[in-house]
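Asker: I'd like to ask you about the structure that follows.
The values are calculated or read from the model by the stated rules, or taken from the named source; none is laboratory data. Note that the structure is a prediction, hence the values are computed from the model and not measured. Note: ideal-geometry Cβ built from the backbone for every residue, glycine included; neighbour counts use all protein chains shown.
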Amino acid sequence: MEVFKSYAVTESGSKGRKFAQAGHSYRNAFERDRDRIIHCDAFRRLAGKTQVFAPGLDDNYRSRSTHTIEVAQVGRTIARVLGINETLTEAICLAHDLGHSPFGHSGEMVLNKISASFGGFEHNRQTLRIVDLLEHPYVEFAGLNLMYETRLGLAKHRSPYDRPEEHREFNEAVGPLEAQAADIADRIAYNAHDFEDASRAGLLDVEQLATIEIYNIAAARCKAELIEDASIRKTRIAKAIIDTLVSDVIETSKEAIAQSKVASLADVYGRGEVLVRLSEKADEQLRVFEKLLMDNVYMHPKLRSLHEQVEEWLMTLYDLLRDRPEMMAVRYRELVKTQGLERTVVDYIAGMTDRFCIQLVEENI
C-alpha cells in the first residue's frame, strides 16, 4: 500500500467519478485512470502527431507520443520524491496532450481560426472534451469517466505556452500538487528534447548555445568537452539539462511545501499557490533558453513556411467534411445531433494524425 504525504491526493479523499463504478480488485482508481488513458484511441493517435518536426521526416525526432512518455517519466520522478500520488501525476502527464491537433501548434492556430465564431479551439480544453465526451469505450456513458482530480489536473494545465481559459466546473485556484508536478515536468521535457531535436536538425549552433547559462551548466555537468561524438554530446547535454532542472524542482518544492505549512489537500487548494516549481534562478535560466528556442527553432523560416501549407490543408478539409459529413466516422456523425455540425467537424479533424489528414486531402482534391 502506498503511503503519501498528508497533502497528496488519495482515493479516499477524492471527489470520485461523475458516473459511479465499482472498484477493482487489483488496481486503485488512479491506476485505472492511467490505464484508460493509455488504452484510448486518442492516445494511440499521438504517435502520428507533430511535436516540433513532423513524424516521418526523421525517425529519431519526437512525436507527440514520445514527448508524452518523457513527460510522464519526469513527472513520476518528481512526484515520488515529494511523496505525492505518483500514479495520478503519471495519468495527468499521459493525458495532457490528447487534445493536440495534427501539425502541432500550427494546426491548433488554424482550427482556432476556423472555429472562432463558435467557441474557438484550444488544445487543453479539447483534452477535457476528449476524456469527457469524444472517447466512448463504455455502453453506459460517453467519455473515460476519469477521477475528478485527474480531470482537474488537465483543466488547470499551465506552461509559458499554455494558458487555458477557466473551466466553470473547476473553481479551485490551482490544481493539486500532482498536477503541478505534471506541469513542470512538461516544461522541462519539451525544452530539453526540443533542443535535442533542433540540434539534430541543424537549427542551433555552438555560438548561440554558448550564451545560454543552463546549457553551459549542463555541458559542464556531463563533461561535454570530452565527448568527441557530436550526436552523443548533444544527447548527454539534453539529459543533463533535464537532470539539473528536475533536481532544482525537487529541492525548491520541498522547501516551498514546508514553508507553506500545507497539511492537507484542502490546504493546497486554499493556499492557491504553485508549490511544485523551479527556483527563481533556474526559472530565469530556463526562460532565456526558451527564448532561444522560440527565436531559432519554433519561428525558424522552415517551420513557419509549413504553417501556410497546414492552413491550406485544414481549411480544405474543414470545407470538405462540412459539406460531406458522411465522410466522417459513424461515432462523429452521431455527435452532430448534440454538438452541431461545425464543432463536430473540428473535433474530427483535431483527432487526426498528420498522415491521415494529408491523405484525406490528397484523395479528395
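Asker: Residues that are free of Cβ contacts under 8 Å to residues at least 24 places away in the same chain: list the helices (runs of 4 or more DSSP H) wholly contained in the range 171-245 that include at least 3 such residues.
Answerer: Correct list: 213-221.
Asker: Turning to a different aspect of this structure: Output the residue which, of all residues in the range 272-291 that are touching a residue at least 60 places away in the same chain (Cβ under 8 Å) and not hydrophobic (A, V, I, L, M, F, W, C), is surrounded by the fewest Cβ atoms within 10 Å (Cβ to Cβ).
Answerer: Start the filter on the range 272-291 by keeping residues that are touching a residue at least 60 places away in the same chain (Cβ under 8 Å), which leaves 272-278, 282, 285-290.
Of the ones still in play, those that are also not hydrophobic (A, V, I, L, M, F, W, C) are 272-273, 277, 285, 287, 290.
Numbers: 272: 9, 273: 13, 277: 18, 285: 22, 287: 13, 290: 20.
Only one residue fits best here, namely 272.
Asker: Additional query: For residues in the range 170-193 being touching a Lys or Arg at 6+ places or on another chain (Cβ under 8 Å) and more than 24 Å from residue 5 (Cα to Cα), which is surrounded by the most Cβ atoms within 10 Å (Cβ to Cβ)?
Answerer: Filtering the range 170-193 for residues that are touching a Lys or Arg at 6+ places or on another chain (Cβ under 8 Å) and more than 24 Å from residue 5 (Cα to Cα), the one surrounded by the most Cβ atoms within 10 Å (Cβ to Cβ) comes out as 192.
Asker: Right, next: Which condition breaks for residue 8 when tested against (1) outside any loop (DSSP other than H, G, I, E, B); (2) touching a Gly at 6+ places or on another chain (Cβ under 7 Å)?
Answerer: Of the numbered conditions (1) outside any loop (DSSP other than H, G, I, E, B); (2) touching a Gly at 6+ places or on another chain (Cβ under 7 Å), the odd one out for residue 8 is (1).
Asker: Which condition breaks for residue 103 when tested against (1) modelled with pLDDT of 95 or more; (2) crowded, with 22+ Cβ neighbours inside 10 Å; (3) not small (Gly, Ala, Ser)?
Answerer: Of the numbered conditions (1) modelled with pLDDT of 95 or more; (2) crowded, with 22+ Cβ neighbours inside 10 Å; (3) not small (Gly, Ala, Ser), the odd one out for residue 103 is (1).
Asker: While we're on this one: I'm checking my understanding of the structure. Among residues of the range 346-356 that are of a type in the set (A, V, I, L, M, F, W, C) and buried (at least 22 other Cβ atoms within 10 Å of the Cβ), which one is nearest to residue 118 (Cα to Cα)?
Answerer: So the first thing to find is which residues in the range 346-356 are of a type in the set (A, V, I, L, M, F, W, C), and the list is 346, 349-350, 352, 356.
Adding the requirement that they be buried (at least 22 other Cβ atoms within 10 Å of the Cβ) leaves 346, 349-350.
Working: 346: 11, 349: 16, 350: 15 Å.
For the range 346-356, the residue satisfying everything is 346.
Condition check ((1) polar (S, T, N, Q); (2) in contact (Cβ under 8 Å) with a residue 60 or more places away in the chain) across all residues:
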| site | (1), (2) |
| --- | --- |
| 298 | no, yes |
| 305 | yes, no |
| 309 | yes, no |
| 321 | no, no |
| 337 | no, no |
| 343 | no, yes |
| 351 | no, yes |
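Asker: Now for a different question. Take the range 261-303 and flag every residue that is at pLDDT 95 or above, assigned to a helix (DSSP H, G or I) and touching a Phe, Trp or Tyr at 6+ places or on another chain (Cβ under 8 Å).
Answerer: Hits for the range 261-303 are 265, 267, 268, 289.
Asker: For residue 25, are the conditions met, namely being modelled with pLDDT under 95, more than 21 Å from the chain's Cα centre (by Cα) and either part of a loop (DSSP other than H, G, I, E, B) or closer than 30 Å to residue 238 by Cβ (or both)?
Answerer: yes
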